[in-house]
Amino acid sequence: MKNKWLIALSAVGIHICIGSVYAWSVLTRPIMSSLGFSQKEVTWIFSIAILFLGLSAGFLGDCVEKYGPRKSGLAAACFFGTGMLGSALALHLHSLVLLYLFYGVIGGIGLGIGYITPVSTLVKWFPKHRGFATGLAIMGFGFAALIAGPLMQRIVASLGLIPNFLILGCAYFVIISASALYLAPPPDRFLQAASPGKEGPDRKAGRLGQLKDVAVQLADHPKMGKMLPCVDAFTAGEALQTWHFYALWWIFFINISCGIALLAVASPMGQEVAGMTPAQAASMVGIIGLVNGGGRILWSTVSDYLGRRNVYVLFFLIEIGAFYALSSTTDGFLFQVLVLLIISCYGGGFACMPAYLSDLFSTKELSAIHGKILTAWGIAGIMGPLALSVLYENTRSYSLTLYFFSGCFVLNLVIALVLKWRTSHHVILQKMREQGNA
């Protein structure tokens, strides 16, 4: 049997590579200066990549479940590697359209497949610590910019833009491929018992999800299957028939839209509103990368003890207060504290979502269900910065924009409280009743 920690390392390896998309801003000015493109034109490359990340995760999640993590990971390596190498060709030809195609569309598809491929596998290897497992992989995506940013900057400065894409494209292809070749779901005999000791508010839901997984595996057995006609394992199609899925999609969409909008303007807003120097703002951006990655593993681990429902309620309480306070602060230190609080919740929202989905719908088709939730990320990647720019251009003030974001999280809090009240056993038992009456 494979080592589950090496499985986790493989998952991190994939996410460290594809997470380099978060370091795109390092390449913005070099591309603008060498090719004469505007900042808006270059920024659209990143936006298209995030859009296709969400779309490919949503539409290809079923394929990831069908073909397994190994083949899916190799497909991600091919798409993302092709996107990087094709971007080198686009730069050589001075073609913005080809950059949109290769990095945005083809690379974006690789991002989407690579993002969801390890998550379902990890959850199955760590059934007692689902939050920790998903946070471990997704942490790599958040931390990737800390590695890729300086690396890209050094390669571009010493060798140029085209060699940067050629070198990293080949390196990412090798690392993702090697990681994918080790990925595999646990064998059927790998049935891990629930954690002993004190349980958090959602641990019972998590335990029931684990029992469902055990039941699904037993149902596949030729003899035991006849004894278990009513196994409650949601398919992606069945999950889409519940209102809980759409409620989670919405709160995920708002959390990403507001968070990614703040990421886009954190440096200029810090200089304009809080009087930070360019050097101080640049340092803050570096710390944001640490908090974005660290918040993913921290919050997802905490969710194993507090429960996913409670953690999302806590996210939105923090973000309501932080965005509201951020709208009026002019103190540089307080400004940074508030921004980092928001970014930690932004990263934590990514990391806790797969575990939340597995609590509700089991892990049988988690990649497909998670992929469909990630369509919110693709849309938010465009809508968040666009909403901020429109509001800022019409008001010439960040304050009203931040008040608006705070109000969005009030709605998110209400939805999270309804989910807290109406989930846990509710969905699962209802599904069992429907199957029992079929």
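Of the peptides 310-318, 148-156, the order by per-residue mean of other Cβ atoms within 10 Å, starting with the highest, comes out as 310-318, 148-156. Atom-type composition of the exposed protein surface of the chain places 69 percent of the accessible area on carbon and sulfur (1.4 angstrom probe).
Between the C-alpha center of region 300-336 and that of region 338-371 there is a gap of 16 Å.
With contacts taken as Cα pairs under 8 Å and at least 6 residues apart, region 29-175 reaches a relative contact order of 31 percent. The Cα center of region 59-73 and the Cα center of region 33-55 differ in position by 27 Å.
Dividing the summed -39500 (n - 2.57) terms of all DSSP H runs of n ≥ 4 by the residue count of the chain sets its mean residue ellipticity at 222 nm at -28000 deg cm²/dmol. Its residues counted as N, region 30-94 yields a C-alpha radius of gyration over 2.2 N^0.38 Å of 1.40. The residues of region 313-380 have, on average, 23 Å² of accessible surface per residue, using a 1.4 Å probe with all protein chains present. Taking a ≥ b ≥ c as the square roots of the eigenvalues of the Cα gyration tensor, the chain is classed as oblate, since a/c reaches at least 1.5 and a/b does not exceed b/c. Computed from phi, the 3J(HN,Hα) profile of region 346-362 under the Karplus parametrisation 6.51, -1.76, 1.60 (θ = phi - 60°) reads 4, x, x, x, 5, 6, 7, 4, x, 5, 4, 5, 5, 4, 8, 10, 6 Hz, with x in place of Gly and Pro.
Highest-first packing order for the peptide set 78-84, 180-186 is 78-84, 180-186, based on the mean count of other beta carbon atoms within 10 Å.
Taking the C-alpha atoms only, the angle from helix 203-219 to the longest principal axis of the chain is near 60 degrees.
Kirkwood hydrodynamic radius of region 291-345, from the reciprocal of the average inverse Cα-Cα distance over all distinct pairs: 11.8 Å. Summarising the label geometry, the points placed 7 Å from Cα in the beta-carbon direction at R422 and L181 lie 4.9 nm from one another. For the chain, the longest principal axis of the Cα atoms and the long axis of helix 4-18 meet at an angle of about 30 degrees. Roughly how tilted is helix 243-273, in degrees to the nearest 10 and between 0 and 90, from the longest Cα axis of the chain? Result, in degrees: 20. Largest mean-square fluctuation among I254, I50, I31, in a Gaussian network model of the chain whose springs join Cα atoms under 10 Å apart, belongs to I31. Over region 30-108, accessible surface divided per residue gives 43 Å², non-protein components excluded, 1.4 Å probe. Highest mobility in the GNM of the chain, judged by mean-square fluctuation with C-alpha springs under 10 Å and restricted to W243, W125, W377, is found for W243. Which pairs, out of K4/K66; K71/K124; K2/K372; K4/K372, put more than 24 Å between their alpha-carbon atoms? Cα-Cα > 24 Å for K2/K372; K4/K372; rest within.
Comparing L411, L51, L262 in a Gaussian network model of the chain, where Cα atoms under 10 Å apart are tied by springs, the biggest mean-square fluctuation is seen for L411.
Structural descriptor for the chain: relative contact order 25 percent, calculated from alpha carbon pairs under 8 angstrom and at least 6 residues apart. Per the Debye formula on identical point scatterers at the alpha carbon atoms of region 59-198, with no solvent, log10 I(q)/I(0) at q = 0.12, 0.17 Å⁻¹ is -0.56, -0.97.
The values are calculated or read from the model by the stated rules, or taken from the named source; none is laboratory data. This structure is a prediction, so every number in the text was calculated from the model and none was measured. Glycine gets a Cβ as well: all are built from the backbone with ideal geometry, and neighbour counts include every protein chain shown. Surface areas here come from the heavy atoms of the whole protein model, side chains and all, with no ligands, DNA or RNA. Shrake-Rupley method; radii C 1.70, N 1.55, O 1.52, S 1.80 Å.
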